[in-house]
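Undergrad: Handing you a structure now.
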Amino acid sequence: MNIELYSREGCNLCDNAKTYLKTHQLPFNEYVIGKDVTRDMVVEIFPGVRMLPIIVIDGKYIGGYEQLLSMNF
């Protein structure tokens, strides 16, 4: 399983998602907006998405933190 997490510093939901993934021992790649990717890049990749975190599993956008929780890992 390939998990990507797009986040920004100071985002509580982003931190919660990272904690959830680590607690469930799910490896993930994190891309911090403003550090690893630009905001414009994220808007181009995920048009219409305006909330963080952005979580992608196996190349498919699943949503944010609440959608991650609903996957019941």
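Undergrad: Hey, can you grab everything whose amide H is under 5 Å from the amide H of MET71? Only 5+ residues off in sequence or another chain; H modelled, so Pro and N-termini drop out.
TA: Counting only residues 5 or more places away or on other chains, the set is empty.
Undergrad: Now for a separate question. Heads up, I need the accessible area for MET41: 1.4 angstrom probe, whole protein in place, Å², nearest 10.
TA: Its heavy atoms expose roughly 90 Å² to the probe.
Undergrad: Within 10 Å, count the other beta carbons around each residue, average over each peptide in 63-69, 19-25, and list them highest first.
TA: Details: 63-69: 16.9, 19-25: 11.6.
Taking the mean over residues of other Cβ atoms within 10 Å, the ranking is 63-69, 19-25.
Undergrad: Provide the solvent-accessible area of ILE45, counting protein heavy atoms only and rolling a 1.4 Å probe, rounded to the nearest 10 Å².
TA: 90
Undergrad: While we're here: What GluC sites (Glu not before Pro) does the stretch 8-58 have in DSSP loop regions with at most 10 other beta carbons within 10 Å? Working shown, then result.
TA: Details: sites: GLU9, GLU30, GLU44; in loops: GLU9.
Hits after loop and neighbour filter: GLU9.
Undergrad: At a 1.4 Å probe radius, which order do PHE28, PHE73 fall into by accessible area, largest first? Walk me through the numbers on the way to the answer.
TA: Values: PHE28 50, PHE73 80 Å².
Sorted by accessible area, descending: PHE73, PHE28.
Undergrad: If the cut-off is 18 Å between C-alpha atoms, which lysines fall inside it for LYS35, apart from same-chain ones fewer than 8 positions away?
TA: Of all the lysines, those that pass the test against LYS35 - Cα under 18 Å, at least 8 places apart if same chain - are LYS18.
Undergrad: Grab the other residues whose beta carbon is less than 14 angstrom from that of LYS22, score K and R as +1, D and E as -1, and report the net. Write out the running numbers ahead of the final one.
TA: Working: positive: LYS18; negative: ASP15, GLU30.
Once positives and negatives cancel, what remains is -1.
Undergrad: Over the chain, with every protein chain in place, what whole percent of the accessible area is carbon and sulfur at 1.4 Å, could you tell me?
TA: Details: 2330 of 4780 Å².
Summing carbon and sulfur atoms, their accessible area is 49 percent of the total for the chain.
Undergrad: Here's a follow-up. So what's the net charge close to VAL37: Lys and Arg +1, Asp and Glu -1, counting the other residues with Cβ under 11 Å from its Cβ? Spell out each step's value before the answer.
TA: Working: positive: ARG8, LYS35, ARG39; negative: GLU4, GLU30, ASP36, ASP40, GLU44.
It works out to a net charge of -2.
Undergrad: So what's the net charge close to LEU13: Lys and Arg +1, Asp and Glu -1, counting the other residues with Cβ under 14 Å from its Cβ? Each step should come with its number before you reach the end.
TA: On the way: positive: ARG8, LYS18, ARG50; negative: GLU9, ASP15, GLU30, GLU66.
Net of charged neighbours comes to -1.
Undergrad: Could you work out which residue, out of GLY34, GLY48, GLY59, moves most in a Gaussian network model of the chain, that is, has the largest mean-square fluctuation with Cα springs under 10 Å?
TA: GLY48
Undergrad: Restricting to the chain, what percent of DSSP beta bridges are antiparallel, rounded to 5?
TA: Numbers: 7 of 12 bridges.
Once the DSSP bridges in the chain are tallied, antiparallel ones form about 60 percent.
Undergrad: Then there is this: What does the accessible area per residue of the chain come to in Å², with a 1.4 Å probe and no ligands, DNA or RNA counted?
TA: Working: 4780 Å² over 73 residues.
Per residue, the chain has an accessible area of 65 Å².
Undergrad: Follow-up question, since we're still on this one. What relative contact order, as a whole-number percentage, does the chain give when Cα pairs under 8 Å and 6 or more residues apart are counted? Don't skip to the end; give the middle numbers.
TA: Numbers: 90 pairs, mean separation 29.9, N = 73.
It comes to 41 percent, rounded to a whole number.
The values are calculated or read from the model by the stated rules, or taken from the named source; none is laboratory data. None of the values given here were measured: they were computed from a predicted structure. Glycine also receives a Cβ, built like all others from the backbone with ideal geometry; neighbour counts cover every protein chain displayed. Remember, those area values only see protein heavy atoms, side chains included, never the ligands or the DNA or RNA. Shrake-Rupley method; radii C 1.70, N 1.55, O 1.52, S 1.80 Å.
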